Amino acid sequence: MTILPEIPLPASIRSRYIDNINGLRMHVLEAGFETRGRPCVLLLHGFPELAFSWRKVMPVLAEAGYHVIAPDQRGYGRTTGWDPDYDGDLASFRLTNLVRDALGLVSAFGYRSVDAVIGHDFGSSVAAWCALIRPDVFRSVVMMSAPFSGPPALPFNTVDGPAKSATEDPIHRDLAALPRPRKHYQWYYSTREADDDMHHAPQGVHDFLRAYYHHKSADWKANRPHPLKSWTAEEIAKLPTYYVMDLAKDMAATVAEVMPSAAEIAANKWLPDSDLAFYSAEYERNGFQGGLQWYRCGTSGVFTPELQTWSGRTIDVRSAFISGKQDWGTYQRPGVYEAMQKACTRMIGCHLVDGAGHWVQQEQANQVSWLLAQFLRGAKASV
């Protein structure tokens, strides 16, 4: 058995493994575990992160009286039992099965409900679906950096219309036809080459992740997000290259162009090199395919009919949205930020935290921890 290095965690957080969670041996970080009977909060990370991304938030929520659980999700980190093969079991990574992972985990800990499920980036989507499908278990939800527009709609009132075949989104052809040819990162992440491009990046995984995290953070001063008018090539081409890439470049080459200087790296307080080294060691060991499978589930369209089961349903538990003010993720899909506020019928606040880009709970941990504690107390927090 491989002996893995220690995780650089605060003393109040412990690392452990939980067996038989929907076929997984799940690696979990835990805070506030010393006292039994506390209410539970579940934290779900995104890409390319790990449970480790919550290390600054967990002690604060534990101090507020919660048992805080943060797993490495299916496809990530020290959780095992998932298929790492591009040609493997893609269905196990679909959203409803990720909800089943979360449900199995809180049940294993002996909770019939949790006070909140809080998700960041792709974890925000899982958190939203947890609250939509099982509001009896997930009694409130905070979505971070990735707004949720509701379940996909079913075709409606179509019996007398002409038969329509599923048409491919013309956005990809239109992006490729721009004067500066482009491609959308989620479809690039769905290609067979994407994992190898990043796992064997010419600059190495550590420097790849350093540039990637820098590019999507408030440290990259060109991140000045604003709403986009429409899902058209001309409009979404305004997004930075980590979302709408140059057609001929892979992600490693894309972010290499904005690699921070040695002085900028030394000055980085929210992700010092010692913390980044943990991320890079985990991704060097596993590669990126586990996380990329999540994108493939979305871009393939194969699992949309299953999600249409909940067509028209809203999230009716208390909800909030937190993102960085310098995070383009809020607006990367035109209209979704606005649609979220209808899809969530009890949304008590949308908070855009200044001085944070995409990695909001790492870049501005104190502010995010305060907002989450306020939400959990039922207060209407304001920034």
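The values are calculated or read from the model by the stated rules, or taken from the named source; none is laboratory data. Everything numeric in this text was worked out from a predicted model, so none of it was measured. Every residue, glycine among them, receives a Cβ derived from its backbone with ideal geometry; neighbour counts consider all protein chains shown. Just the protein is used for accessible areas: all its heavy atoms, side chains included, with ligands, DNA and RNA removed. Shrake-Rupley method; radii C 1.70, N 1.55, O 1.52, S 1.80 Å.
Just a few scattered comments:
- Residues that are part of a strand (DSSP E or B), among the aliphatic types (A, V, I, L, M) and open to solvent by 10 Å² or more (accessible area, probe 1.4 Å), drawn from the range 327-358: MET347, ILE348, LEU352
- Of all residues in the range 122-134, those that are open to solvent by less than 10 Å² (accessible area, probe 1.4 Å) have Cβ atoms under 7 Å from Cβ atoms of residues that are aromatic (Phe, Trp, Tyr), 6 or more apart or on another chain, in SER124/PHE148; ALA128/PHE148; CYS130/PHE138; ALA131/PHE138; LEU132/TRP310.
- When SER107, SER124 are checked against the criterion of being at pLDDT 95 or above, assigned to a helix (DSSP H, G or I) and under 22 Å from SER53 (Cα atoms), SER124 stands alone in meeting it.
- Within the range 320-337, residues that are within 11 Å of SER217 (Cα to Cα) reach partners that are assigned to a strand (DSSP E or B) and open to solvent by 10 Å² or more (accessible area, probe 1.4 Å) with beta carbons closer than 6 Å, at six or more positions or on different chains, in the pairs LYS325/LEU352.
- Those residues of the range 115-137 which are among the β-branched types (Val, Ile, Thr) and over 14 Å from PHE375 (Cβ atoms), in sequence order: VAL126, ILE133, VAL137
- Qualifying residue in the range 232-244 (condition: small (Gly, Ala, Ser), over 22 Å from GLU338 (Cα atoms) and either open to solvent by 50 Å² or more (accessible area, probe 1.4 Å) or touching a residue at least 12 places away in the same chain (Cβ under 8 Å) (or both)): no
- Flag if GLY77 is in contact (Cβ under 8 Å) with a residue 40 or more places away in the chain, surrounded by 14 or more Cβ atoms within 10 Å (Cβ to Cβ) and either in a loop (DSSP other than H, G, I, E, B) or over 21 Å from the mean Cα position of the chain (by Cα) (or both): yes
- Helices (runs of 4 or more DSSP H) wholly inside the range 257-311 containing at least 2 residues that are acidic (Asp, Glu), buried (at least 19 other Cβ atoms within 10 Å of the Cβ) and at pLDDT below 95: none
- Taking the criterion of being crowded, with 22+ Cβ neighbours inside 10 Å, free of Cβ contacts under 8 Å to residues at least 40 places away in the same chain and part of a loop (DSSP other than H, G, I, E, B), the only residue of the range 4-62 that qualifies is GLY32.
- Listing of helices (runs of 4 or more DSSP H) fully contained in the range 178-223 that carry 2 or more residues being hydrophobic (A, V, I, L, M, F, W, C) and either at pLDDT 95 or above or open to solvent by less than 40 Å² (accessible area, probe 1.4 Å) (or both): 194-199, 204-215
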